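Chemist: Quick one: the structure is below, questions incoming.
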Amino acid sequence: MPEEFDFAELRKYLRGQIDMGDSEVFLDEPWTLEKRAAAPSRPAPASPAPFTPAINAAPSKPAINTTPTTNMVASAPAINEAAPLFESPVGAIPAARPAVKKVAAAFESVESLEAFYAAIKSDVVYANVADLVLYEGPANPKVLLLLPAPPAQPGSFFATPAGEMLVRLFGSLSIPADSIGVTFFYKGRTARNIPALLEASLRKMLAKEISFIAPSVMVTFGEPLFHQVFGKGKNFEEHAGTDMEFSGVKTCSLVDAYAMAQDKQLKWVTWKVHIPKSSYFKA
């Protein structure tokens, strides 16, 4: 029966695999894909001894079930008896982390405007600010002016050129000076960079402050302040002069008041384009 098993082709194939070497092997990182240098040829191993298959005792009937492949299949365990694929050891899954309790700032729980100002003076936002510029104006004003920061020089905002100009502007809309108040997003006179986290804190402070001031309408001035109040997702040019809301208060945004006081063109745009867009200033 040996003539039935010719392994010449198998030996030829195996010898070819051994002699191939790694000249055609590539690295597996796509950002450094390059062909490796061909390795020196290795001497071919000695030819293996001829393979003689096992012959059953009965010469006329070869035992098909005794071949290596059949033996491996026969020795494999039954599927139903196989061990579980995954077995988690005790304690392998980490315990859930305890929830972090957020601590509210002191100003969030106050019940009056005076208590609010006392609380923010001790807040980390104003820890190194000696003099805060607080709200100026009547209780429950018809219009609350919101500026980015107070002017550098001390004194009332309404005595500055920008303040006097805004009093005249709203006077033309039948809103008298004693019905107008002013406050500032950042209340320190020294200009400073306002990062995102500080900006979020100042926005919370503004919401709490205007809940006590209770204006009929709040007006913000300038594109940077517009984004600090309403976020980066809104376009200033599209929303300038339109009816908006902040923390439940009717709000309208206009161009920078300090720039407007020096630029007649900005005054014209404010009066002819932005103010007419809003229904808050119509009788």
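Chemist: Please go through the stretch 109-144 and write out the GluC sites (Glu not before Pro) that DSSP classes as loop and that have at most 16 other C-beta atoms within 10 Å.
Modeler: E111
Chemist: Give a quick list of GluC sites (Glu not before Pro) in the stretch 137-243 that DSSP marks as loop, anything other than H, G, I, E or B, with at most 11 other Cβ atoms within 10 Å.
Modeler: Qualifying residues, ordered by number: none.
Chemist: If we count other beta carbons within 10 Å of each Cβ, what is the order of F107, F236, fewest first? Could you put the intermediate results ahead of the total?
Modeler: Values: F107 21, F236 15.
Listing F107, F236 from fewest to most nearby Cβ atoms yields F236, F107.
Chemist: A further question follows. Using a ≥ b ≥ c from the Cα gyration tensor of the stretch 131-281 (square roots of the eigenvalues), is it rounded, prolate or oblate, where a/c under 1.5 gives rounded and otherwise the larger of a/b and b/c decides, a/b for prolate?
Modeler: Judged from the Cα gyration tensor, the stretch 131-281 comes out rounded (a/c under 1.5).
Chemist: Hey, fewest Cβ within 10 Å first, where do M165, M244 land in order?
Modeler: Numbers: M165 16, M244 20.
If I rank by nearby Cβ atoms, fewest first, I get M165, M244.
Chemist: Still on this structure: Can you pull the one-decimal nm distance between simple spin-label points at R168 and E245, each 7 Å off the Cα toward Cβ?
Modeler: A separation of 3.6 nm, rounded to one decimal place.
Chemist: Under a point-charge model restricted to the Cβ atoms of Lys and Arg (+1) and Asp and Glu (-1), what is the dipole moment magnitude of the stretch 131-281 relative to its Cα centre, in debye to the nearest 20? Walk me through the numbers on the way to the answer.
Modeler: Numbers: 15 positive and 13 negative charges, 20 e Å.
The dipole of the stretch 131-281 has a size of about 100 debye.
Where a number appears in this text, it was derived from the coordinates with a stated rule and is not lab data. Because the structure is a prediction, the values reported are computed rather than measured. Here the Cβ is made from the backbone with ideal geometry for all residues, glycine too, and neighbour counts use every protein chain on show.
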